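Novice: This is the structure, below, for whatever I ask next.
Read-outs throughout are calculated quantities, based only on the coordinates presented, and are distinct from any laboratory measurement. Given the structure is predicted, the values throughout are model-derived calculations rather than measurements. Note: ideal-geometry Cβ built from the backbone for every residue, glycine included; neighbour counts use all protein chains shown.
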Amino acid sequence: MGATLDAEGLAVEFGETLEDELDLRIEARSLHEVAEAAAAQPMVHVPRVHAEFSTEGLLVMERLDGTPLSQVVDRPADRALADVLTKSQVGAMMSGERFHGDPHPGNLLLLEDGRLGLIDLGISGRLDSFERAAVFQMLMALQLEQPTLLYESMVSIGAVDPAVHDPDEIERAFAAFMAAYLGHGLPPPEALTDLMRLTTKLGLRLPRSTMTMFRALATLTGTVEHLSPGYPVIEVIAELGGDEFHRRLMPESASEFVQQEWAQLAPLVSRLPRHIDRIATMLEHGRIATRLRLFSEAEDRHFVQRMLNLVVLTLLSIGSGVVSVMLLGVEDDRVLGLLGDVGPYEVLAWTGLFIAVTLLLRVLLAVLRSEADARRR
């Protein structure tokens with residue numbers, strides 16, 4: 001189990017995450033990037049950092065006057081504020097911008113002017129282009145209820161190790177998950193959390209930022225439920241994802257389509273010369289060896305042998321027949337006394353024709369026998 005989950009890798013990742021959280025300069029940079037991502041949402045405010053006073057162990061930022069959402073009680077449901085929060089965070093995820101990695105009610109303030117304040121960005125995330133493509137592939141797989149496509153998205157994101165994981169087992173697990181959650185209508189919010197639990201159970205290791213995104217979505221679900229009970233968070237995510245799907249699948253111009261495709265192909269093309277050079281170097285030093293065993297199975301050898309025999313018999317039959325016909329056309333004044341007016345060339349010709357017909361009949365019988373065996377199987 002430890003090898004499947006890569007316990008050593010998890011420990012290293014935990015240590016790196018802890019070091020990042022202890023370095024407050026990283027949180028300061030995250031605050032700045034989240035503020036830029038949420039700039040289009042005036043109802044969401046991120047405190048400004050005073051960089052001149054901040055250090056690795058000290059973070060000085062703007063004071064926000066408000067009440068944590070976790071302490072707000074007896075407040076009417078606010079669908080508009082839930083919309084703003086969801087769209088700001090999910091929009092940042094979809095566009096590859098920095099998003100809050102732990103948006104629970106204690107990390108959100110209801111400011112005195114009615115806005116939402118985001119604080120405590122020790123955990124944040126940002127999806128790279130490969131991760132965004134894989135996430136969109138996941139969402140499309142869920143929408144189309146295709147477990148194979150969901151598995152391929154896990155492969156493209158690097159979560160599957162062919163030496164450890166069984167593709168059939170993973171696809172069956174995904175199919176069972178879809179059968180449980182993806183019926184008529186959209187899945188319930190807890191489906192996201194259960195999908196992440198399933199990937200962990202299967203031993204799939206998603207990249208840190210992708211896991212951060214799914215955890216943030218699960219936490220966001222509880223927060224918007226606090227703001228507006230019964231809020232359809234999955235519908236809003238599907239709506240935002242649908243807009244992005246439409247933009248990706250139906251670009252406004254040919255140049256935009258080329259730019260999108262090149263953005264995905266360029267990293268692969270740029271690495272291709274290095275891969276070719278590396279393979280050539282390994283070949284030069286004899287570090288690549290191949291061994292190919294043709295017809296290693298006895299059944300394959302027998303099949304090829306039968307085919308060769310039939311080909312040889314057919315060629316012999318055709319050759320004997322052609323030579324015999326040619327001998328029949330040869331004029332010969334000699335005759336064999338025992339056979340009347342029949343000459344030696346004519347005897348050879350008829351003998352050859354008899355051999356040719358016999359060989360052809362043998363080939364025909366072999367073909368008919370093989371067809372009969374195939375029908376019986």
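Novice: Could you please rank S324, S129, placing first whichever residue has the fewest other Cβ atoms within 10 Å of its Cβ?
Specialist: S129, S324
Novice: Could you tell me the largest-minus-smallest coordinate of the C-alpha atoms of the stretch 74-131 on each of the three principal axes, in descending order and whole angstroms?
Specialist: Largest to smallest, the principal-axis extents are 43, 23, 17 Å.
Novice: By the gyration tensor of its Cα atoms, with a ≥ b ≥ c the square roots of the eigenvalues, what is the shape of the stretch 148-232: rounded for a/c under 1.5, prolate for a/b over b/c, or oblate?
Specialist: oblate
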